[in-house]
Amino acid sequence: MRRKKGAEESRRERSEEGRDPVQTAPGPMPAGPGPASETRPSPGSPSTDSESVAAEPETVPLDLHRRLLAEFDNYRKRVEAERRRTEGWARAELMSRLLPLLDDCERARRALTEEPERFDRHGVLIILGRLAEALEREGLDPVAASPGMAFDPQVHEAVLVVPAADVPAGSIAEVLQAGYQAGDRLLRPARVAVARAPEDGSAAPDGSPRD
């Protein structure tokens, strides 16, 4: 029995050695770098998260924001203080130039009070001229206004409307108070009376009332 089993095993081994090896079917080849469709990242992918973070505006820390506000407030206060100092120097310079005129006015007042018979009226006109010159050097200019000039609401203030035949209707008939400006800034408008056409029979051609 042992001999028969050994012979059968030897025949089985020789038959297996003579068979062709079994070839396995090749699997799918890996895809090469061809024109494959582009893959879009999913909403939860890292690339999408990084793009969303880059698109968000940067926020300023609270401490930095407070420090910037404090620095700006200090800068604003320094500029305001410098502006006030500059204005104060300008006013002081103008006052120093007007002090001699104030002395002249004081001498004229004393002369008028103590010695009215020796009061020099011509001296008062000189003082007024010097005052006008000092203010003109500082940039003060009178507003142009005279009878017959066209009324300009930008620089003139109409106080009265009077009938007048010697000037066109709507023009200045009389200057009641002079106006002044400094450069492009209007300090005070000229107060004027505006002319209107006289009623029939109320005035003669020369402006005098009819009999």
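Values as computed for the structure displayed
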| item | result |
| --- | --- |
| Residue 67 at pLDDT 85 or above and over 23 Å from residue 138 (Cα atoms) | yes |
| The lone exception for residue 105 - which of (1) touching a residue at least 12 places away in the same chain (Cβ under 8 Å); (2) farther than 25 Å from residue 182 by Cα it fails | (2) |
| Those residues of the stretch 137-160 which are in contact with a strand residue (DSSP E or B) (Cβ under 9 Å, 6 or more places away or on another chain), over 14 Å from residue 191 (Cβ atoms) and not in a loop (DSSP other than H, G, I, E, B), in sequence order | 140, 141, 150 |
| Selection status of residue 166, among the acidic types (Asp, Glu), modelled with pLDDT of 85 or more and under 30 Å from the mean Cα position of the chain (by Cα) | no |
| Enumeration of residues in the stretch 161-201 that are assigned to a loop (DSSP other than H, G, I, E, B) and farther than 24 Å from residue 137 by Cα | 164, 165, 166, 167, 168, 169, 170, 197, 198, 199, 200, 201 |
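The values are calculated or read from the model by the stated rules, or taken from the named source; none is laboratory data. As the structure is a prediction and not an experimental result, all values here were calculated from the model. For neighbour counting, all protein chains shown are included, and Cβ atoms are generated from backbone atoms with ideal geometry for every residue, glycine included.
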